[in-house]
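A quick write-up on the structure given underneath.
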Amino acid sequence: MTGTPTHGFDTLQIHAGARPDPATGARQTPIYQTTAYVFRDADHAAALFNLQEVGYIYSRLTNPTVAVLQERIATLEGGAGAVCCSSGHAAQIMALFPLMSPGMNVVASTRAYGGTITQFSQTIKRFGWSAKFVDFDDEAAVAAAIDENTRAVFCESIANPGGYITDLDAISAITDAAQVPLIVDNTTATPYLCQPFKHGAALVVHSTTKYLTGNGTVTGGCVVDSGNFDWSATDKFPSLSQPEPAYHGLKFHETFGPLAFTFHGIAIGLRDLGMTLNPQAAHYTLMGIETLSLRMERHVENARKVAAWLETDPRVEAVTYAGLPSSPYQKRAERICPKGAGGLFTVAVKGGYDSCVKLVENLNIFSHVANLGDARSLILHPASTTHRQLTPEQQEAAGAAANVVRISIGIEDANDLIADLDQALAAATA
Ligand SMILES: *Cc1c(COP(=O)(O)O)cnc(C)c1O
């Protein structure tokens with residue numbers, strides 16, 4: 001069984017894209033640890049290089065293990081196709097690359113992963129691209145920021161680090177009217193909790209490093225295409241709608257239809273940028289995805305318990321978890337991520353920067369790491385780590401002020417997590 005979209009999520013997360021190995025009958029997807037693939041003959045090779053036939057040439061472009069992962073993630077998201085790459089940040093560049101050119105801009109949410117804010121505000125300038133950051137709770141500001149040079153709008157479904165929920169329905173109404181694609185980073189929600197294509201997104205990106213792999217073993221990323229965006233409706237996306245000189249004038253959208261973005265991502269993006277995912281990493285991520293729904297249920301259950309406990313603790317100023325009845329995002333969370341608001345939130349600790357540092361240092365079960373979405377509980381003080389490069393104003397806007405720690409709740413026993421936080425808060429605020 002390869003898994004069809006009519007099956008339930010729990011079935012698809014195990015079967016989509018996979019079949020017993022035709023050569024050996026191996027039940028589990030083999031790790032195809034090979035760089036190249038033998039051509040049947042010269043005509044076969046020519047057809048592959050002309051994109052007239054789909055097949056394997058060289059593992060910078062495609063690999064059978066990686067291909068299973070691509071199909072699995074595309075199916076879970078309800079998309080037409082997906083391209084995996086070497087990290088979440090690589091996926092962001094891979095998503096923007098076919099859309100942008102010098103002078104063009106992306107409108108992005110101020111509430112985003114710190115690394116994304118740095119990538120968008122600094123590094124993409126070297127390609128001649130730019131980003132305009134706005135508060136995505138202010139829909140008028142998002143609409144006003146889109147100009148004739150805007151080629152994409154970018155936000156996170158559940159925003160890292162604050163756990164804020166973006167109103168994807170409202171934002172996609174704006175991007176539809178402007179005829180630009182909405183790209184949603186769905187890393188912190190995963191397709192189990194949120195399916196951005198159902199809320200109007202054109203593209204989804206993932207850091208598969210996080211919940212999809214789920215145990216902190218490998219880095220990876222993925223760009224998923226809904227297949228629904230009309231790249232030819234305007235002249236804004238010539239890489240997809242106009243003849244491609246490197247493929248004898250082939251037009252990706254005309255030739256590949258809903259798979260245009262995916263084919264472009266492999267044939268141009270991976271070929272020339274080379275941000276390829278290796279088959280060993282794809283294997284770890286496939287193993288992780290098999291238990292995604294079970295883990296996400298526990299992440300959500302634990303996050304609810306721990307956030308509720310923290311909220312009533314006198315040593316704590318505020319908890320941002322959108323799953324709490326007190327959260328201004330709770331209603332929106334029920335619409336955007338009906339199975340739960342994830343496992344990530346921030347906590348404002350009394351005593352500010354110093355208390356946060358002591359809290360982080362006194363925990364035993366929680367690990368102080370710059371990661372999230374692991375089976376184990378993790379904690380981070382963004383202001384002294386991931387968000388260090390940002391100005392205090394940017395930190396505040398991103399939900400990462402100096403008195404804030406980010407918590408990624410794992411799948412351990414919730415009572416043990418609460419006891420660990422209790423003793424470390426005592427040490428931090430003594
Ligand atoms: C970690 C993360 C990224 C970057 O992914 P890497 O795999 O570390 O490159 C992007 N977006 C979000 C929301 C993340 O949590």
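Quick note: the coordinates plus some simple rules give every number you see, no bench work behind them. Just so you know, these numbers come straight off a predicted model, no measurement behind them. Heads up, the Cβs are rebuilt from the backbone with ideal geometry, glycines too, and the neighbour counts pull from every protein chain shown.
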Assigning unit charges at the beta carbon (Lys, Arg +1; Asp, Glu -1) and nothing else, what dipole magnitude in debye, to the nearest 20, does the stretch 293-428 show about its Cα centre? 420 debye
Among G55, A383, F133, the residue whose Cα sits farthest towards the positive end of the charge dipole of the chain, when +1 is placed on the Cβ of each Lys and Arg and -1 on the Cβ of each Asp and Glu, is G55
Would you calculate a helix-derived [θ] at 222 nm for the chain, using -39,500 (n - 2.57) for each DSSP H run of n ≥ 4 and dividing by the full residue count, to the nearest 500? -10000 deg cm²/dmol
Whole-Hz ³J(HN,Hα) for each residue in the stretch 289-304, computed from phi via Karplus 6.51 cos²θ - 1.76 cosθ + 1.60 with θ = phi - 60°, x for glycine and proline: what do you get? 4, 4, 10, 4, 5, 5, 5, 4, 4, 6, 4, 5, 4, 5, 4, 4
Share (percent) of C-alpha pair distances in the chain greater than 43 Å works out to 12 percent
Residue by residue through the stretch 200-216, which ³J(HN,Hα) values in whole Hz follow from phi under the Karplus form 6.51 cos²θ - 1.76 cosθ + 1.60 (θ = phi - 60°), with glycine and proline marked x? x, 5, 8, 9, 10, 10, 9, 8, 6, 3, 8, 5, 4, 6, x, 9, x
Around L250, which amide H atoms from residues at least 5 apart in sequence, or from another chain, sit under 5 Å from its own amide H, with H modelled in the peptide plane? E244
Amide H contacts of N371 (H built 1.01 Å from N, under 5 Å, at least 5 apart or other chain): none
Using only Cα atoms, tell me the angle between helix 414-428 and the longest principal axis of the chain; keep it within 0 to 90° and round to the nearest 10. 60 degrees
Checking T234, T29, T386 against a Gaussian network model of the chain (alpha-carbon springs below 10 Å), the top fluctuating residue turns out to be T234
Sequence gap of 8 or more, or different chains, plus Cα separation below 16 Å: how many lysine pairs satisfy both in the chain? 5
Dipole of the chain, Cα-centred, from +1 at each Lys and Arg C-beta and -1 at each Asp and Glu C-beta, to the nearest 20 debye? 520 debye
Counting only residues 5 or more places away or on other chains, whose amide H sits under 5 Å from the amide H of S87 once H atoms are built in the peptide plane? G221
Once each part is reduced to its C-alpha centroid, what is the distance from the stretch 195-245 to the stretch 254-329 in angstrom? 14 Å
What ³J(HN,Hα) values, in whole Hz, does the Karplus curve 6.51 cos²θ - 1.76 cosθ + 1.60 give for the stretch 263-273 when θ = phi - 60°, with x put for Gly and Pro? 5, 4, x, 7, 6, 10, x, 5, 4, 9, 8
What do you get for trypsin sites (Lys or Arg not before Pro) in the stretch 27-80 restricted to DSSP loop and a cutoff of at most 13 other Cβ within 10 Å of the site's Cβ? R27, R40
